[in-house]
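**Q** The structure follows.
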Amino acid sequence: MELTVNWYLALSAILFSIGVMGVLFRSNAIVILLSVELMLNAVNVSIIALAQMMADSTGHILVFFVLAVAAAEAAIGLSLVIALFRTKPTVDVNEFNLLKH
Amino acid sequence: MDLSQAYDAMLGDLAGAFPLVLLAVAGLVIVVWDAFRNNDPLLPYIAGGALAIGLVFEGSQLASEQTTLFYGNIRAGGFAAFINMVLLGGTLLSVVLSVPYLRQIKHAYGEVYALMLFATVGMMALATGNSLIMLFVGLETMSVCLYILVGLVRKDEGSIESAFKYFVLGAFATGFFLYGIALLYGATGTVYLHEMQSGFAQSGATTMFWAGVGLLLVGFFFKVSAVPFHMWTPDAYQGAPTTLTGYMSTTSKAAAFTALILVLYYALPPERWTTVLAVVAVLTMVAGNVLALAQDNVKRMLAYSSIAHGGYILVGLAAGTAAGYSGALYYLLIYSIMNIGAFGVIALLEWDGKIGREQTMESLSGIGTQRPFLGLAMAVFMFSLIGFPPFGGFFGKVAVFGPAIDAGLTWLAVIGLLASVASAGYYLRVVYVFSFKSADERPAEAPATGTGFNVPFSSLAVLSLCVVLLVVVGFIPGLRDVTTHYFIDMAVAAGTL
């Protein structure tokens, strides 16, 4: 069986969905961060597969930008979790509910 | 693409992207300076100077030909100069308002100004980007800086909570945005906006293209806080330092809307968008205004009001004509002035030590009699936000609702007008509380009548400038034409009008 680009796109869609579910349904702040990273990297799979299919280097360059951005977001996200933890010693996001309608 | 002269070409293009480079360098200077002389009071002056120079430069480019720089990655001149002026001007006003405010809440950090400059660089890249890579990098540069600015008061539980919520939903939206970029790239084989339509026609990958467009739009709707993707907005705006709320609610929205306009105008086939945008616009206007009516906290009320204003701008976009797009740009300019002014006034009236997130409307009773200037300025901002003539907001609304009627969307414009009338309910309540309630009705823990609420000269100057601009902006001859001709002329040149 040959691996066509559609297999990569399907894998990427599944990984992305897992990431989305993680952000929406998990309440652990660290797991939410992991899920966000999973979403970004799932997209990277798509981009690389498509760039390879079209033999176009632009997509590969885009992936490097995405990696850099994901790293910056992870740094900010983790530091926010640490700051949250200092105000209240938990990483359960349901415990943080000061701002409401 | 011939790359043998790439280095020379890029060096030559640096001059065209001068404000972008200048702000980035000034931001780095502030970071290094701050490392040696922590929180030096000189730092805001560096930021302000760089912004002012950038503003003057873009002003000189306003009439020039539109071009692209760095091998078609970023726009300069004309249209780009206009939106850059909105972004630089908004940031400059916010920097001046932030200096006394941050001192008042005892968070006068030097790096705030570096982050504001970096965020503005991101906004400019987002608003003038001509390739999907540039849009993504600009969007993220902006967002990452704003996450930090929202959580600036990190000892305060509410502030850090709002920053975390903003971060999670912002990063979530980034995922959708990026997935949209990936699929569009796959369907068209290019990342350049102006090549997308021909690329799509060549490849014919219909499913992937429309899926990509849908995901990209979801990402954009998150960033411009359109309903139903608005949940983060009130929390983020309520917990952020007030002058920075004014900053992020205006400039970041202006940048994201401009990028959305460019994508709609250049990259996507013209049909099919009106219905989607019109439905989102209706939801945004109705939900924003209804939820704002129920708020008792002024910051939260203004957050919902800014959602509603996003809806008005979407009306212009839904029209889908050159006039609608240019009306939206014009609205962004006016909206920036009035919202920065309104948050600037609120910032001066804070006393709860929790960056105003627990102050009710009643805590502002009688400010108008105690500080007549603030009462007057707030009244002007509120009337302008309603869209009351002769203030700027009125002309902005004409500029977005008019093209919608011309495009056959009369029902949408009618809903917009009804929403504006409903919005008078909460805006006028602010005016009423400011001017007609007695200061005795303030909560017991408020500062005693006749004390507190110093108005520094710099804030006074900025607020006066906003008031004057709002009064005269509708009457400046040619200002409306400036935004129109960017789109109308291009449409004529392309033979679509």
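**Q** Using each residue's phi in region B:403-416, evaluate 6.51 cos²θ - 1.76 cosθ + 1.60 at θ = phi - 60° and report the 3J(HN,Hα) Karplus result to the nearest Hz, with x for Gly and Pro.
**A** Using θ = phi - 60°, the values come out as x, 5, 5, 4, 7, x, 9, 4, 4, 5, 5, 5, 4, x Hz.
**Q** Taking θ = phi - 60°, what integer Hz values does the Karplus form 6.51 cos²θ - 1.76 cosθ + 1.60 yield along region A:39-56, in sequence order, with x for Gly and Pro?
**A** Working through the residues one at a time gives 4, 5, 6, 4, 5, 4, 4, 4, 4, 5, 4, 5, 5, 5, 4, 8, 6, 10 Hz.
**Q** Between helix B:457-472 and chain B, what is the angle of the helix's C-alpha long axis to the longest principal axis, kept within 0 to 90° and rounded to the nearest 10?
**A** Roughly 60 degrees, rounded to the nearest 10.
**Q** Quick check: net charge around residue A:29, other residues with Cβ under 12 Å of its Cβ, Lys/Arg +1 and Asp/Glu -1?
**A** On the way: positive: A:26, A:88, B:165; negative: A:92, A:95, B:161.
Neighbour charge sum, excluding residue A:29 itself: 0.
**Q** How about residue B:223: which lysines have a C-alpha closer than 18 Å to its C-alpha, ignoring those fewer than 8 places off in the same chain?
**A** Candidates past the 8-residue exclusion: B:165, B:253.
**Q** How far is helix B:43-61 tilted off the main Cα axis of chain B, in degrees rounded to 10, range 0 to 90?
**A** The angle comes out near 50 degrees.
**Q** Starting from the Cα gyration tensor of region B:283-426, take the square roots of the eigenvalues, sort them a ≥ b ≥ c, and report rounded, prolate or oblate (rounded when a/c is under 1.5, otherwise prolate if a/b is larger than b/c, else oblate).
**A** On the way: a/c = 2.46, a/b = 1.96, b/c = 1.25.
Taking the square roots of the gyration eigenvalues as a ≥ b ≥ c, region B:283-426 is prolate.
**Q** Show me the ranking of peptides B:465-471, A:13-19, B:187-193, B:297-303 by mean Cβ neighbours inside 10 Å, starting with the highest. Intermediate values should be presented prior to the final figure.
**A** Values: B:465-471: 19.0, A:13-19: 17.1, B:187-193: 23.0, B:297-303: 24.6.
Descending mean neighbour count gives B:297-303, B:187-193, B:465-471, A:13-19.
**Q** Determine the dipole magnitude for the protein assembly as shown: charges of +1 sit on the beta-carbon of Lys and Arg, -1 on that of Asp and Glu, nothing else is charged, the reference point is the Cα centre, and the result goes in debye to the nearest 20. Don't jump to the answer; show the numbers that get you there.
**A** On the way: 24 positive and 32 negative charges, 231 e Å.
My answer is approximately 1120 debye.
**Q** Can you list the aspartates and glutamates whose alpha carbon is less than 16 Å from that of residue B:397, not counting same-chain residues fewer than 8 positions off?
**A** B:406, B:481
**Q** Hey, what's chain A come to in accessible area per residue, 1.4 Å probe, Å²?
**A** Working: 5510 Å² over 101 residues.
Computed with neighbouring chains in place, this is 55 Å² per residue.
**Q** Size of the dipole of region B:289-448 about the Cα centre, Lys and Arg at +1 and Asp and Glu at -1 on the beta carbon, nothing else charged, in debye to 20? It would help to have the intermediate numbers written out before the result.
**A** On the way: 9 positive and 9 negative charges, 35 e Å.
Its charge dipole is roughly 180 debye.
**Q** If you put +1 on each Lys and Arg Cβ and -1 on each Asp and Glu Cβ, how big is the dipole of chain B around its Cα centre, in Debye rounded to 20?
**A** So the dipole magnitude of chain B works out to roughly 700 debye.
**Q** How large is the convex hull of the Cα atoms of chain B per residue, expressed in Å³ as a whole number? Don't skip to the answer; put the middle values down first.
**A** Values: hull volume 66.6 nm³, N = 497.
Residue-normalised Cα hull volume stands at 134 Å³.
**Q** Here is a follow-up. For region B:379-385, in order, what is each residue's ³J(HN,Hα) by Karplus, 6.51 cos²θ - 1.76 cosθ + 1.60 with θ = phi - 60°, in whole Hz (x at glycine and Pro)?
**A** Ordered by residue, 3J(HN,Hα) equals 4, 4, 4, 5, 5, 5, 5 Hz.
**Q** Net charge near residue B:80: determine it from the other residues with C-beta under 14 Å of the C-beta of residue B:80, scoring Lys and Arg +1 and Asp and Glu -1. Could the numbers behind the result be given before it?
**A** Values: positive: B:75; negative: B:13, B:58, B:65.
It works out to a net charge of -2.
**Q** So, one more: Report the label-to-label distance for residue A:67 and residue B:417 in nanometres (one decimal), using points 7 Å from each Cα along the Cα→Cβ vector.
**A** 5.7
**Q** Taking just the alpha carbons, could you work out the radius of gyration and Dmax for region A:27-91, both in angstroms?
**A** Rg, Dmax (Cα atoms, Å): 15.5, 51.
**Q** Among all stretches of chain B without exposed GluC sites (Glu not before Pro) (DSSP loop, at most 12 other Cβ atoms within 10 Å), which one is longest?
**A** Numbers: sites that count: B:65, B:271, B:445.
Formally, the longest exposed-site-free interval is B:66-270.
**Q** Build a GNM of chain A with springs between Cα atoms under 10 Å: which of A:55, A:74, A:42 gets the top mean-square fluctuation?
**A** Its mean-square fluctuation being the largest, the pick is A:55.
**Q** OK, next. Determine how large the accessible area of residue B:11 is when every protein chain is in place; take a 1.4 Å probe and give Å² rounded to the nearest 10.
**A** 90
**Q** Continuing with the same structure: To the nearest 100 Å², how much accessible surface do chains B and A cover up together, summed over both, with a 1.4 Å probe? Working shown, then result.
**A** On the way: alone 18510 and 7350 Å², together 22170 Å².
For B against A, buried area totals roughly 3700 Å².
**Q** Quick one: angle between helix B:206-223 and the longest Cα principal axis of chain B, in degrees between 0 and 90, rounded to 10, please.
**A** 20
**Q** What distance in nm separates the two pseudo spin-label positions at residue A:4 and residue B:37, each 7 Å out from Cα along the beta-carbon direction?
**A** It works out to 6.6 nm between the two label points.
**Q** Under 19 Å from the Cα of residue B:106, which lysines turn up, not counting those fewer than eight places away in the same chain?
**A** Counting by Cα, and skipping residues close in sequence, residue B:106 has these lysines nearby: B:155, B:354.
The values are calculated or read from the model by the stated rules, or taken from the named source; none is laboratory data. Since the structure is predicted, the reported quantities are computational estimates derived from the model, not experimental observations. As a convention, Cβ positions derive from the backbone with ideal geometry for all residues, glycine included, and neighbour counts pool all protein chains shown. Accessible surface is based on the protein model in full, side chains and every heavy atom, while ligands, DNA and RNA are left aside. Shrake-Rupley method; radii C 1.70, N 1.55, O 1.52, S 1.80 Å.
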